[in-house]
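Student: Quick one: the structure is below, and I'll ask about it shortly.
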Amino acid sequence: MAISLDLNLVEAYINLGKLYREKGYLQEAVRLFEGGIARAKERAGLYYGLGAAYLELGEREEAIALLTKACKLNPDLSEAQRALSVAQKDNEG
């Protein structure tokens, strides 16, 4: 799984991480999203993907922090807003 360090390939991190998450390979998804964030710290999609993976892993506090960051970076990212709402509700109960 060699992904170039080229910032133009950040979408590859997002898309492959999303695919891994959807297939249930959550730890692999986490590694990809973290790798993407290390290279492109201002991409909301990476924080959303990582937050969603942590939410599925039951790591609510970490998920909330990452999803909040995603929403701050891109307030129009509706997936992040929905996931943050779910994480906050789950955290309350």
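Student: Residue 81 to residue 12: extension gain in nm, 0.36 nm per residue of separation minus the Cα-Cα distance? Write down the numbers at each step before the final one.
Tutor: Details: separation 69, 0.36 × 69 = 24.84 nm, distance 2.23 nm.
Net length gain for the segment: 22.6 nm.
Student: Regarding the chain, what are the three Cα extents along the principal axes, ordered largest first, in Å?
Tutor: Answer, in whole Å and largest first: 42, 27, 17 Å.
Student: What nm value, rounded to one decimal, do you get for the distance between residue 39 and residue 72 when each label is placed 7 Å out toward the C-beta?
Tutor: Each label point is offset 7 Å from its Cα along the Cβ direction, giving 2.5 nm.
Student: Which residues does a label at residue 65 reach in region 12-27, if reach means a backbone N under 19 Å from a point 7 Å past the Cα toward the Cβ?
Tutor: 27
Student: Taking Cα pairs under 8 Å and at least six residues apart, what relative contact order does the chain come out at, in percent? Mind dumping the intermediate values first?
Tutor: Details: 115 pairs, mean separation 19.2, N = 93.
About 21 percent, as a whole number.
Throughout, read-outs are computed from the coordinates displayed, never taken from laboratory work. Just so we're clear, the structure is a prediction, and the values are computed from it rather than from any experiment. Cβ sites come from the backbone with ideal geometry, for glycine too, and all protein chains shown count toward neighbours.
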